[in-house]
Each structure stands twice: as C-alpha cells, then as structure tokens.
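This report concerns only the one structure given below.
Where a number appears in this text, it was derived from the coordinates with a stated rule and is not lab data. This one's a predicted model, so the numbers in the text were calculated from it and none came from an experiment. For neighbour counting, all protein chains shown are included, and Cβ atoms are generated from backbone atoms with ideal geometry for every residue, glycine included.
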Amino acid sequence: MTIAQKCGGCCKVFLAGMINGFSGCHRFSGCQRKLGMKRLILLLALGVIGCGPAEVTETNPAEDGDSHQRMLATLKEIQASSTDEQPYLNDGRQEQLAQQLESLPANVPPQVKLKTQLQLSEAQLQAGNSQQAVEQLLEAKKYLLEVASVVPRSDQVRDLLNMKLAVAYLRLAEDQNCVNCRDAECCIFPIQGKGVHRNKQPAQNAVKYLTAYLERNKTDATATWLLNVAYMTLGEYPEGVPKKWLLSDGQFELDSEFPKFKNISPQLGLNTFSLCGGMIVDDLNGDNWLDVVTSSWDTSGQMRCWLNNGDGTFTDHTEESGLTGLFGGLNMIQADYDNDGDVDILVLRGAWLRESGRHPNSLLQNDGHGRFRDVTFEVGLGDHFYPTQSAAWADYDNDGDLDLYIANEIGSSELFNNDGQGHFTNGTIMAGVPGGRYPKAVVWGDYNNDRYPDLYLSNLKGPNQLYHNNGDGTFTDVAAQAGVVEPNRSFPTWFWDFNNDGVLDIYVGAYWAKIGYFAADYLGHSHAAATDRLYQGDGNGGFHDVTEEMNLAKVTLPMGSNFGDIDNDGFLDFYLGTGYPDYAGIMPNRMFHNQNGLRFKEVTTAAGLGHLQKGHGVAFADYDHDGDQDIFIELGGAFRGDAFSDAVFQNPGFGNHWITVQLVGTKSNRAAIGARIRAEVKEDGKLRSIYKWVNSGGTFGGSPLRQHIGLGTANRIERLEVYWPTTDTTQVFTDLEVDQMIKIIEGEDKYHPISGVQNSNNVVEVGAAH
C-alpha cells in the first residue's frame, strides 16, 4: 500500500504545499504521527512519494502477501500507534496532567489549578481509576474553600465540583457493585432486589453531593434524575427521596401484566466484557443453530465468536474461527457477498475519531464452517481508509449479487459494485450518492415498490438523505420532497413495515447527546432537543410523520438498536440501546411494544429491559429454537474504564404462533436480501397480512437473515408469498402449519422443513401439511 493510500493522500498534499511555500495541510498531522517527521523527510529525499501515476509504494512485511496476514499486520500497527491519537482510550493523558499539575508554580492563578485538577480527575475517571478521580475532586473542593474569595463565580465552580463528585461517586459505586455482578437484576432500571448495591458508601456520597447541588439548582433535570437513580442503588426509592425531587414511575408506562425478560447471559457461556461494539447473531457454520459474534471499538479489542451447542449454551470458538488478531470495530454487518451459501461479515472501524480514525474495514469470508479469512485487500475494499460505523448490503442493480454502501464520516461515502466474482469497484461518483454529512447510519429499502432498493442516510451534521434509485445505476436525493429530512442530529435508522400495509416505513432516532435532554424529557420539562421520528410510507413514494400519534416523540439518545416481534403478534417492536460516552449518561435502554400498528407503548420497565449500561449492537434472535425471539445487546461505553458484560434477555413466551423462513436465492442474491415475504393468516374469522423484508434489521446490530414471523393466534397460514425483486417473480405456498422453520429456494415449488439437525432431507410439497 502506498503512503498516500494509508493517509488519504495527505503526503502528496504536503509535498505540494512545500513546493508552494506552506508547511502542510489539515490532514498532515495524522500522517506525521504515523510516520514521524524524520521518516517523511527521508522518504521525500528518496523519491518514495511521487505525484505521478507511476507511484513507488512503501510496504509492510505482510503487504504483498496474503490479505488476511496483511490485515493482521495493519491492525497491529494501529494498535501500537493509536493510544495517543485516540482521545477516548488515551491512558497516558492522566500521567501528563498529573505532571502538569505537579509542575504548576505556587503563584499560578487559582482557576488554572482548579481547571487542571478537573481535567486530571476526568482523565482518571475515563481510564477506570474512579477512586483516584474522587480523591482528586475532593482535593479540588478543599482547595476551592481556601481560594474562593479570589475565584470568579466561585459558587458556580462549587456547583460544578458537586456534580462532578456525584458522577464520580456513582461510577465508583458501579465499579464496586455492578461491574462484576452476574445477577439478572443487576443494573436493570428501576434498580431493585439483587440489583441494590451491597457497598452503599459511594452511592450515599453521590446522594450527598447531588442534594447539595439541587439545593442551589432546584429544578435541574439531570441532578434530579441522577438523585433518584442513586437512591434506587441504595434500596431507598421511593420512600427515601425528598418529595420535591421524587420521580413518579408513570413515565415508562408500567404494566404489571406484561411478562418480564431475564438476563441469562452468564448461564449461556457468553463471557463477554468489553467496550462498545457490534453484535451479530446468525448461523455461521451451517448447522441451523444461531451463533454469536461480537466486536469492540478498542483498537486492542479482540473480535470474538461463540458457536451454539444446540442445548442452550455457547462455546467460545474465536481462535478456531480465525479471528485472532482482528481487533477493533464499532459495528458489523453480515451478508453472503460471494453467493456461496454462508454468512460473511463486514467489520467497520474508526467511527467518531475523524482523521485519527483512518482504520481499515474488514471483509471476513466464511468457509462455510464458521472459519473466517480477511479478504479486504484482495476484493477491492482496502484501497482507502475512512472512519465509519455504518454500511449496508443490497443488490441495487438487480444483477443477482450484493453491492455495498459504506457511510464514511469524513470525505465521501462509497458505493461498491459487486462484479459477481466477489470483487468490488467504487461507483460512488457515477451513482451520485456521496453522502458527506457525517452519516451515522445507512439502510437500503424499496420504499416505492419499483423493484430497485433505495438508500436512506441518517446524518449527524445536516439533513438526512433519501436517495431514490433511478434504475439505471444513478440515484436522486428526494428526502425533502418525501418529507424525511429530520430529525436534526440523527443516528440509528431502518426501513420496516410497522403497520403491515405492505409499504415500507422509516424509523430514525435523534441523537442529542446530553443527559440533560433525556432527563428534561422524562420529567416533562421543556428542552431544545429533537425527538425520534417515525415516517409512515404512503405507497406513492411519500411519507407522513406519525411520530406524535404513535407515541414516539421522545428523547431516547439511541445508538445500537434493532426491531423484532417479541410477542409473536405479527407487529414489529423495537429495542433501543441508549447513551453517550460521558459517565453522567446513565439512562435505561428502552423497549417499545407495537400495539397492532396503531401506536407504540413503552414497556421498558414492565419487561425488565431497562439495562442502565450503554447499549450498542442489538439483535433479536431465537437462539434456543423455542419459537420466540430473545434479545441480545452489546454493552459497554467508549472510555477505557467503561467496559461491561453483554446481555441476553430470554423471552418468557407469549403463547402466540410463528414461522421462521430462510430464503435461498438462485437468480437473486443467495442470502435473499431485499426479498419480501407476505404471510396471510386468519384470526377470529378475519384475514390479515403480515409483511417482512429480508435483512438483518436496524443499522447497529445484526439479527439473523432468516426471518422470524409472528402469526398471532392463527393456527394455520392460509398463504405464504415470497417476492423476488431481481426476477420480478412471486412464489406462493398455501395451507402451511405454524410453529416451524422452513427453507424456500427461489424457483422451487416446494419448501424444506428445518430442524436443529444439520442436513435434514425432509421436503414438503406446495400446499401440503406435515
């Protein structure tokens, strides 16, 4: 790889700048850190960096060899060099600030010393040294008492210190009580039972400093929220909370009749403990049981794989899967990019890090047995490195293979066309889909039912974009005309049919990353934050904003998220992993139950799904083949000290029927992504249709590509249709039994039952019962 490729061309720009008499470009600093100034000058002198097409390249030892080894070498280099560049994982910052504090002269202005003390405590907290952070803040508070008379606005500084101490003590309480807690009630909002802290001293101190803060800031929403949470950890909510600051429990719509889910991750053998990252649940080795893959955005964070034992437990298969040495990745998405019948994985890296996040993505090719090889460089996806956490697969030109759109956070996003031989060509410019507004999520969906998948981008910095597929390889942004540009500052998104009318709708979550907005919304206070949006498709290429009437105009701060049908009633529900990096961002992940397509009801607390750890990759999956979807969520924050164990919430069962359908494309892409399933069932003598489109769900977390469809109380399926956009054909099956898993192969007039036993040879004729 050339140095210009590694650094996005910045060295060429630097050379041009030298010729024109300036010292570099805005991207030079990242290159300088990677190569060192002396090395760069040497390369210039040797003529390694050229400006013409015959560019001489600098290689690392693995660069000319196997793609997998080349990726391992690249990630190892990033691992070694990224500590100082990664603001969230910079462990050396606390040492630097400690030295800076120590070296301050005796006559330094008090506000300078206080600022340094605050910065040091923040760095200590981020690095996981919560006890040191508390001690540093206590020192600062003591120092403020000595110098208050000469510190401008000392009362406000005192308030700030009280709030910082409260947050630091809450984190210390978590470190001492929650991090190693393996009980199902741990960290579930509202905290009760075995989730109550045993070591109460840190939370008692948090209450002390929050109360002091609220005495001077009586209506502060953030402090009010955190005070109630602190009392919960002590087992003193609600009776111990002063009435003037007591939260009611009505905001989350408690429903005693809604069954509770239980976190059973420890019993399954999924011994994860990591920072924020991705989650995929799918069949990796072809045995029909669902396996698990996780990633961590930590540049030292090892990808991990667990294979399903078929008995409700998992076995760590990371080393055998060939994943050793594959580090990093805030998100992952799965697909069968080479049409060979197994699940491949794309790992996305560098998100949020701007120029210092120029890390390579990884395309991991599955050999069909759950063993992976990194083929990024050999298939045309490793020419340039851009920070990203979102990408999406679709056959946008209906040629039978999956193409790829990667939503890059800097520069242009990229649309890669699959040539059918497993090699990709960048066609972004010709297609007219550059993105460019700091996209945080991208999703494909044929919103106007013209057979060609369209593209929706959720952007952090600018209006959202809906690229209509013109059917000739080009796209047109119609977001404004369609009415789907909001919310401002948005994050996760997906296409789905929430009301079963056969037309795709759009959910998009607002991301105003501040606990104050969430707390104000919870308390019913006014605030400036945008709320999430639900756009209902009108069937004519337009959308209506139905957020308010669907009871979703809320501030949720969603990150990881996905949708599924938790009660098998045929209507899609969704789960939001919430939060933001700051340690004050203590809020529950949230569950919304679809009420027959007429509104959504929040069941976060009723279902026991309000985990307070920061939520990332989410998947809905029936891992144990009992006919309902369980919920997997990758937990953990961005800072080194904010790691946590992932959760698996076991579905208690709702008594409704279901069918799971695995589609296999022949002329269409093998994974059938983009195909539409319609199940027609009869309930109480009335026919109704249930629709599913084949994909992995939302944009941050991967549910299985085989589709689980809830059927409500229907005891048979009157008609099952599969529409294949690539060939514009529909397969029809009638009179199917419920509560089974089946495989449908494009073009065949019979379906195949699936069991947990590999290589089942059972075949069922069209319309036949079994």
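What is the packing order of peptides 492-505, 232-245, taking the mean over residues of other C-beta atoms within 10 Å and listing the highest first?
Numbers: 492-505: 21.9, 232-245: 15.4.
Final packing ranking: 492-505, 232-245.
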Mean Cβ neighbour count within 10 Å, used as a protection proxy, ranking 276-282, 447-453 highest first: 276-282, 447-453
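Evaluated at 25 °C with a viscosity of 0.890 mPa s, what Stokes-Einstein diffusion coefficient in µm²/s does the range 377-422 have when Rh comes from the Kirkwood expression over alpha-carbon pairs?
Numbers: Rh = 11.3 Å.
Estimated diffusion coefficient is 216 µm²/s.
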What spacing in nm lies between the two simple spin-label points modelled at Asp383 and Gln96, each 7 Å away from Cα in the Cβ direction? 3.6
With r defined as the distance between the Cβ atoms of Asn715 and Glu257 and R0 fixed at 22 Å, what FRET efficiency is calculated, to the nearest 0.05? 0.40
Of Gln192, Val546, Trp289, which is farthest towards the positive pole of the chain's charge dipole, taken about the Cα centre with +1 and -1 on the beta-carbons of Lys, Arg and Asp, Glu respectively? Gln192
Given Cα pairs under 8 Å that are at least 6 residues apart, what percent is the relative contact order of the range 92-245? 17
Over 19 Å between alpha carbons, listed pairs Lys461/Lys514; Lys692/Lys743; Lys218/Lys244; Lys260/Lys692; Lys115/Lys200: Lys260/Lys692; Lys115/Lys200
Student exercise, the chain dipole from Lys, Arg, Asp, Glu Cβ charges, in Debye to nearest 20: 3600
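Given a Förster radius of 30 Å and the C-beta distance between Val546 and Lys686 as r, what FRET efficiency does 1/(1 + (r/R0)^6) yield to the nearest 0.05?
Values: r = 24 Å, r/R0 = 0.79.
That gives a FRET efficiency of 0.80.
How big is D, in µm² s⁻¹, for the chain by Stokes-Einstein at 10 °C and 1.306 mPa s if Rh is the Kirkwood radius over C-alpha pairs?
On the way: Rh = 27.3 Å.
Using the Kirkwood radius from Cα pairs, D works out to 58 µm²/s.
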Given only helices, namely DSSP H runs of n ≥ 4 each adding -39500 (n - 2.57), what is the per-residue ellipticity at 222 nm of the chain, to the nearest 500 deg cm²/dmol? -6500 deg cm²/dmol
Using all Cα-Cα distances in the range 60-218, what percent lands in each 10 angstrom bin from 0 up to the longest? 10, 27, 27, 19, 11, 5, 1
Over the chain, calculate the relative contact order: mean separation of alpha carbon pairs under 8 Å at least 6 apart, over the residue count, as a percent. 11
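Based on alpha-carbon positions alone, could you give the equivalent ellipsoid semi-axes of the range 645-716 from the gyration tensor, as √(5λ), descending, whole Å?
24, 21, 9
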By the mean-Cβ-within-10 Å protection proxy, highest first, 554-562, 701-709 rank as 554-562, 701-709
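So if each residue of separation counts as 0.36 nm, and I subtract the Cα-Cα distance between Glu146 and Gln192, what length gain in nm does that give?
On the way: separation 46, 0.36 × 46 = 16.56 nm, distance 4.11 nm.
Full extension from Glu146 to Gln192 adds 12.5 nm.
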Along the charge dipole of the chain, pointing to its positive end and built from +1/-1 on Cβ of Lys, Arg, Asp and Glu, which listed residue (Phe372, Gly325, Gly698) has its Cα farthest out? Gly325
So, with points 7 Å from each Cα along the Cβ direction, the Glu185-Gln481 label distance in nm works out to 5.7
Under a point spin-label approximation (7 Å from Cα along Cα-to-Cβ), what is the Gln111-Glu239 distance to one decimal in nm? 4.8
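Counting Lys and Arg as +1 and Asp and Glu as -1, each charge on the Cβ, what is the dipole of the range 92-245 about the Cα centre in debye, to the nearest 20?
Approximately 280 debye in magnitude.
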Could you give the distance between the Cα centres of the range 641-716 and the range 265-294, to the whole Å? 18
Cα-derived Rg to Rh of the range 282-419, Kirkwood definition: 0.97
Evaluate 2.2 N^0.38 Å with N set to the residue count of the range 589-737, then give the Cα radius of gyration divided by it. 1.19
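Pulled fully out, how much extra length does the chain show between Asp501 and Lys750, if you take 0.36 nm times their separation in residues and subtract their Cα-Cα distance?
Numbers: separation 249, 0.36 × 249 = 89.64 nm, distance 2.70 nm.
Gain on stretching Asp501 to Lys750: 86.9 nm.
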Candidate lysines - alpha carbon under 19 Å from Lys262, same-chain residues fewer than 8 apart omitted: Lys194, Lys614
Theoretical gain in end-to-end length, Ala528 to Thr211 [0.36 nm per residue, Cα-Cα removed]: 111.6 nm
